[in-house]
Amino acid sequence: MNGSWPTSPWIRAFSNSGSCPRTVERFLSLAYLGHRKQAIAKLCDASGGKTVDDLSRFCCHNQDCRDHGQRGADNLTVCMRYGKHQHLRLLYCRSCKARFSERQGTPLFGAKLETAKMVSVLDHVSEGCGVRKTSRLIGVHRDTVSRYSLLAGEHAQDLHDVLVAFSPQTREVQFDEKWAFVGKKQKHCDPGDPADSEQGDNWDHVAFDPTHRLVVSVVPGKRTAVKTDALVKNVHMRTGGRMLDLLVSDEYPAYKPAILHTYGETITPPRTGKPGRPKKPYTVAPAGLLYATVHKTRYKGRVVHVEPRIVFGEEDAVRAALAASPVSTALNTAFVERHHGTDRNRNGRKVRRTACFSKDWQVHNAVTYFTMYSYNFCWPVRTLRVRQTEGGWQKRTPAMAAGLADHVWSLTEWLTFPVVQLK
Ligand SMILES: [Zn+2]
């Protein structure tokens with residue numbers, strides 16, 4: 001630094017305020033660029049002239065604390081800095097006097113690797129690089145890539161529970177399954193060999209909100225009715241149990257009983273008073289339930305004709321739902337199928353005819369959760385962009401469109417957002 005202003009009392013007070021050195025450096029750089037007064041005023045206004053720690057995203061992890069899980073409750077302070085470069089903050093809860101790292105509840109907690117390097121590993125994984133590619137590009141062992149992929153998968157599930165626990169704007173859902181495999185193709189698996197139980201086909205059961213391009217839920221694993229049931233139940237839970245405007249899926253037969261089981265009403269026939277066994281209770285589709293499938297006709301492997309078939313609901317009601325939908329003009333699963341393409345681009349394991357295919361079942365599932373759920377917050381979707389009044393376009397992610405975020409999250413932001421399991 002040179003020039004007269006670094007010796008000014010503003011800068012001395014500012015540098016000695018205990019602020020993060022990187023933040024001080026960034027604001028000083030801004031000042032050098034001709035925004036000195038604005039930068040200092042911004043910093044001092046935001047911090048009351050003392051600190052620049054924004055703790056609104058953190059919360060107390062102590063389950064016995066009255067502020068457990070409450071973000072922005074103003075109960076946290078920074079009590080010390082630690083780490084090789086004093087770059088990590090130890091937080092102190094005024095309510096319960098507990099201390100914990102700012103990394104607690106993130107996949108970076110306890111990591112020996114530098115934050116930037118770890119984020120870079122996961123950035124490569126979410127941009128379609130395989131384990132060995134990432135290992136060579138970043139200069140880490142391939143087991144490190146797999147280990148962090150597993151941690152990112154766990155974080156993705158927990159963070160999805162925190163951030164997309166309740167998606168009130170979702171009005172319609174498309175269901176579909178995306179094929180992938182682990183280790184070897186299903187035809188080479190031996191059903192009698194327990195070692196092959198976690199090899200072969202692995203399907204992503206996806207529930208997709210076409211209006212906001214939001215992945216509402218994903219359940220990876222074998223293509224079974226149990227997984228389909230879990231998927232539909234998860235959507236029901238995340239949408240607050242209310243009736244959605246329209247449900248569409250392919251002709252996979254497991255959806256009909258799963259939807260009926262989840263959304264249906266149980267009718268108990270009245271006792272007739274006559275002798276004999278009383279009639280058993282049965283489930284019927286409620287009046288507002290609209291569910292349709294698409295019947296695809298293929299010729300030499302290519303889809304040549306798509307014919308919608310209404311399973312629950314009346315044709316007039318489906319027509320009204322389509323007219324009210326901001327995106328759907330016909331019954332189809334086009335939006336979720338387009339998302340399959342995006343996910344195959346983001347997840348190197350699911351690229352067709354690749355040597356990067358998965359070799360481990362758990363890592364495969366973890367990377368599925370990681371790429372599918374980080375997509376919601378970190379992946380701007382071209383067709384969701386909106387024109388700004390001052391000209392140009394504003395990029396929007398599915399989470400922004402669904403009202404769950406106000407900006408495009410960086411992967412670092414997504415990875416360092418702490419999750420806490422509420423009681
Ligand atoms: Zn506390």
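General remarks:
- In order along region 132-138, phi translates into HN-Hα couplings of 6, 4, 4, 4, 6, 6, 8 Hz, rounded to whole numbers, per the Karplus curve 6.51 cos²θ - 1.76 cosθ + 1.60 with θ = phi - 60° and x for Gly and Pro.
- Measuring nothing but protein heavy atoms, the accessible surface of the chain at 1.4 Å probe radius is 52 percent carbon and sulfur.
- Chymotrypsin sites (Phe, Trp or Tyr not before Pro) restricted to region 97-187 and DSSP loop, no more than 16 other C-beta within 10 Å: Phe109, Phe166
- Region 120-215: C-alpha gyration tensor shape, a/c 1.5 cut-off, then a/b vs b/c: oblate
- Degrees, to the nearest 10: 36-47 long Cα axis against longest axis of the chain: 60 degrees
- Shown here for region 124-214: trypsin sites (Lys or Arg not before Pro) in loop regions (DSSP other than H, G, I, E, B) with at most 16 other Cβ atoms within 10 Å, namely Lys184, Lys185.
- The residues of the chain have, on average, 54 Å² of accessible surface per residue, using a 1.4 Å probe with all protein chains present.
- Placing pseudo-labels 7 Å out from each Cα toward the beta carbon at Asp316 and Gln86 gives an inter-label distance of 7.5 nm.
- Only lysines eight or more places from Lys256 in sequence, or on another chain, were considered; those with a Cα closer than 21 Å are Lys178, Lys222, Lys227, Lys233, Lys280, Lys296.
- Entry note, region 93-220: relative contact order of 16 percent, from Cα contacts under 8 Å with a spacing of 6+ residues.
- Rounded Å value of the spacing that divides the Cα centres of region 359-423 and region 144-221: 16 Å
- Percent RCO, i.e. relative contact order, over region 280-402, from Cα pairs under 8 Å lying at least 6 residues apart: 13 percent
- Rounded if a/c under 1.5, otherwise prolate or oblate - the chain, Cα gyration tensor axes: prolate
- Anisotropy class of region 307-396 from Cα gyration tensor, a/c 1.5 cut: oblate
- Of the chymotrypsin sites (Phe, Trp or Tyr not before Pro) found in region 341-423, not one falls in a DSSP loop while having at most 15 other beta-carbon atoms within 10 Å.
- Computed per residue of the chain from DSSP H runs no shorter than four, each worth -39500 (n - 2.57), the mean residue ellipticity at 222 nm is -10000 deg cm²/dmol.
- Of the peptides 315-321, 196-202, 298-304, the order by per-residue mean of other Cβ atoms within 10 Å, starting with the highest, comes out as 196-202, 315-321, 298-304.
The values are calculated or read from the model by the stated rules, or taken from the named source; none is laboratory data. Computed from a predicted model, the values in this text were never measured in an experiment. Note that each Cβ is placed from the backbone with ideal geometry, even for glycine, and that neighbours are counted across all protein chains shown. Remember, those area values only see protein heavy atoms, side chains included, never the ligands or the DNA or RNA. Shrake-Rupley method; radii C 1.70, N 1.55, O 1.52, S 1.80 Å.
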